[in-house]
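S.K.: Input: one structure, supplied below.
The values are calculated or read from the model by the stated rules, or taken from the named source; none is laboratory data. Computed from a prediction, not measured in an experiment: that's the story for all the values here. FYI the Cβ positions are ideal-geometry reconstructions off the backbone, even for glycines, and counts take in every protein chain you see. Remember, those area values only see protein heavy atoms, side chains included, never the ligands or the DNA or RNA. Shrake-Rupley method; radii C 1.70, N 1.55, O 1.52, S 1.80 Å.
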Amino acid sequence: MIAIDTLPETQRYSRAVESSKRVRWDIEKDVIRGRRFDTAHKFLPDGLSLAGEFTTLSPGERRFVSQIQGRTYANIFGLVERFINAKVLELSHDHWFGDQVALEALVRFSDEELKHQALFRRIDAMIGDVLPSGYRFDVDANAVAHAVLGKSTWAVLALTLDIELFTLLHYTQSIAPDAELSEIFRDVFLYHWKEESQHAILDELELLRIDAETTAEQRDRAVDEFIELVAAVDGILQVQATADAGYFVATCGRAVDEAEARAIEAGFLKAYRWQYIHSGARHPRFVKVLTGVITGGQGERIQAALATLQ
Ligand SMILES: [Fe+2]
Ligand SMILES: [Fe+2]
C-alpha cells in the first residue's frame with residue numbers, strides 16, 4: 001500500500017473524503033449507546049494525567065484527579081474546535097471554484113467539528129451528573145476564537161496541525177492501551193480519533209498550500225504569532241489548573257493544607273502543559289512538517305519559547 005503522504009495532493013484530499021465517509025459515526029447511536037459514566041473508573045489515563053506526580057494523594061484521589069482532568073480534556077477540545085471550524089470554513093473559500101474534492105474534504109471536516117463540539121458538551125454534562133458540583137470551565141470559546149483568528153492563517157494552521165496530531169497520539173499511545181479506563185471515556189476518544197485522523201492530513205495540506213504563497217517576511221512574523229498562540233493556550237491552562245485544583249481541594253472530602261494545595265495545583269498545570277503543549281510540539285510529524293518550512297533560527301525561537309513553559 002502506498003503511504004498517504006507520498007500521494008499527489010488531489011488524491012490525498014480524495015482519500016480523506018473516502019475515509020471520512022467510511023468512519024462516519026453518530027453521537028448517541030455509536031458513542032454514548034445509553035451508557036453513563038462510572039466514577040469507579042479512571043477517565044484520563046496516567047500517561048496524560050501524570051497521576052504519578054500527585055505524590056500526596058491516595059489511589060482513589062488520583063482517580064478523582066483523572067476524572068476532573070478528563071472533563072477538562074473534553075472541554076478543551078470543545079473550546080479549540082470552535083476556532084478550528086471557523087478557520088476551516090474560511091479556508092474552504094479558496095476551493096469554492098477550484099478542486100471540488102478539496103472543498104468536499106473541508107466541508108466534511110467542518111461538519112465533523114460541529115458534531116465533536118456537540119459531543120464534548122454532552123460529555124461535560126454527563127460527567128457533571130456523576131461528579132460533585134462546583135466544577136468550573138469558564139473559558140469563552142467565541143472570545144478565544146476571535147482572538148486566535150486575529151492571527152495569520154499560517155500561525156492558526158500550525159497550531160491546528162499541532163493540536164490534531166497530539167489528539168491522535170494521545171489516543172493511540174495513552175487512551176487505547178489503558179485497560180483501567182472508563183469504557184465510555186475511551187470510546188469517546190476512539191470515535192474522535194477516527195475522524196481526527198483525516199483532519200490532521202487536511203491541516204498539513206492546507207498549511208503547505210498557504211505556506212507556498214507566504215513570503216519570508218510574512219512567515220517570520222507568523223512564527224512569532226504561533227509562539228503568541230502557544231502562550232495564549234498556556235494562559236488558559238494556568239487558569240484552568242487553578243480552577244481544577246481548587247475544585248479538587250473543595251470536594252475531595254478531607255482537609256488539604258496550603259502546601260499540599262500548591263503541590264496539587266502544580267501537578268494539574270504540569271499535566272495540562274504536557275497534554276496541550278509539549279506532547280504536540282514533540283510530535284515527529286509536526287516537527288517534520290514545521291522544520292520543512294521554517295529556518296533554523298525560527299525553530300530555535302519556538303524551542304526557546306516552549307522551554308519557558310515548564
Ligand atoms: Fe474534533
Ligand atoms: Fe479535528
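S.K.: So in the range 6-55, with the set limited to residues that are outside any helix (DSSP H, G or I) and of a type in the set (Val, Ile, Thr), which one is farthest from residue 74 (Cα to Cα)?
M.R.: 55
S.K.: Moving on. Which residue pairs have Cβ atoms under 8 Å apart, sit 6 or more places apart or on different chains, and have a first residue in the range 282-310 that is in a helix (DSSP H, G or I) and a second that is open to solvent by 30 Å² or more (accessible area, probe 1.4 Å) and among the aliphatic types (A, V, I, L, M)?
M.R.: Taking only residues 6 or more apart or on different chains, the pairs are 289/208; 301/227; 302/227; 305/227; 305/231.
S.K.: Do you know which residues across the range 49-83 are farther than 19 Å from residue 174 by Cβ and within 17 Å of the chain's Cα centre (by Cα)?
M.R.: Answer for the range 49-83, where residues must be farther than 19 Å from residue 174 by Cβ and within 17 Å of the chain's Cα centre (by Cα): 78, 79, 81, 82, 83.
S.K.: Taking into account only those residues within the range 101-152 that are closer than 18 Å to residue 164 by Cα and open to solvent by 40 Å² or more (accessible area, probe 1.4 Å), which is farthest from ligand 2 (Cβ to nearest atom)?
M.R.: The extreme case among them is 149.
S.K.: Could you list, in sequence order, all residues of the range 224-255 that are without any contact (Cβ under 8 Å) to a residue 12 or more places away in the chain and more than 17 Å from residue 63 (Cα to Cα)?
M.R.: 235, 255, listed by residue number.
S.K.: From 250, 255, 232, which residue is of a type in the set (A, V, I, L, M) and within 19 Å of the chain's Cα centre (by Cα)?
M.R.: Step by step, each of 250, 255, 232 is checked, and only 232 is of a type in the set (A, V, I, L, M) and within 19 Å of the chain's Cα centre (by Cα).
S.K.: Check whether at least one residue in the range 45-53 is open to solvent by 40 Å² or more (accessible area, probe 1.4 Å), closer than 30 Å to residue 241 by Cβ, at pLDDT 95 or above and polar (S, T, N, Q), and report yes or no.
M.R.: Scanning the range 45-53, I find no residue that is open to solvent by 40 Å² or more (accessible area, probe 1.4 Å), closer than 30 Å to residue 241 by Cβ, at pLDDT 95 or above and polar (S, T, N, Q), so the answer is no.
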